[in-house]
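The structure under discussion appears below in the form of structure tokens.
Bear in mind these aren't lab numbers, they're just calculated from the coordinates by the rules spelled out. Predicted model only: the values in this text are computed from it and were never measured. Cβ coordinates were reconstructed from backbone atoms using ideal geometry, including for glycine residues, and neighbour counts include every protein chain displayed.
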């Protein structure tokens, strides 16, 4: 149950437009991080009265944070990276962005080729390396995962995004934040902080890409900036 709860809640705080959107929100509201926003959603906005172990697992699922306190949450943290690396490679391959041959040598040598083989190696290594009691991976597999993640950020997540698209995302997200920091948020949309800037962050960070575009269009009444590869 703890693993499931952490997995269900860990990415609730993701902003519209993924990593680009998070960068814009963080520049407007310094200190914003999607994992901490996930905790804020379940703890403050939804008042779910979750256990400390669930909240710790949600807050610390990202690899820039300390390892979660429980073994269950540590498993969720590893499972998250295993899942998104493999699915994002598959998605990028189907979209014609890259092929298996484009993957770094460390990825192909240590993680294998193809979806099934990569998952088998990573999960198998996680199980074998965790037999001593701590949830862990071998150095070679962990390093290969880091190399793969860095490659995907460069070639898929951010590398294909043009300066014009980045500017469009910034324009949309900042316009929404500025507007809702100065104008009331519809009360039927949820509970909001008394601080108007925090309320704006909570509202905008909870939008999907399409909702953000519609909201921006509703405010401007004109054309939406060209989102390029994100459109």
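What FRET efficiency, computed as 1/(1 + (r/R0)^6) with R0 = 25 Å and r the Cβ-Cβ distance, is obtained for residue 193 and residue 51, rounded to the nearest 0.05? The partial results should precede the final answer.
Details: r = 24 Å, r/R0 = 0.95.
Here the calculated transfer efficiency is 0.60.
Counted by neighbouring Cβ atoms within 10 Å, the residues 75, 89 run from fewest to most as 75, 89. What is the helix-to-structure angle for 115-129, meaning the angle in degrees between its Cα long axis and the longest Cα principal axis of the chain, kept from 0 to 90 and rounded to the nearest 10? Helix 115-129 sits at roughly 70 degrees to that axis.
Could you list 139, 165 so that the one with the fewest beta carbons within 10 Å of its beta carbon is first and the one with the most is last? Intermediate results must be reported in sequence, preceding the final value.
Numbers: 139 9, 165 19.
Result, fewest neighbours first: 139, 165.
Taking the chain as a Gaussian network of alpha-carbon nodes connected by springs under 10 Å, the highest mean-square fluctuation of the residues 83, 73, 142 belongs to 83.
Using a 10 Å cut-off around each Cβ, can you sort 84, 203 from fewest to most neighbouring Cβ atoms? Walk me through the numbers on the way to the answer.
Details: 84 14, 203 21.
With the sparsest Cβ surroundings first, the list reads 84, 203.
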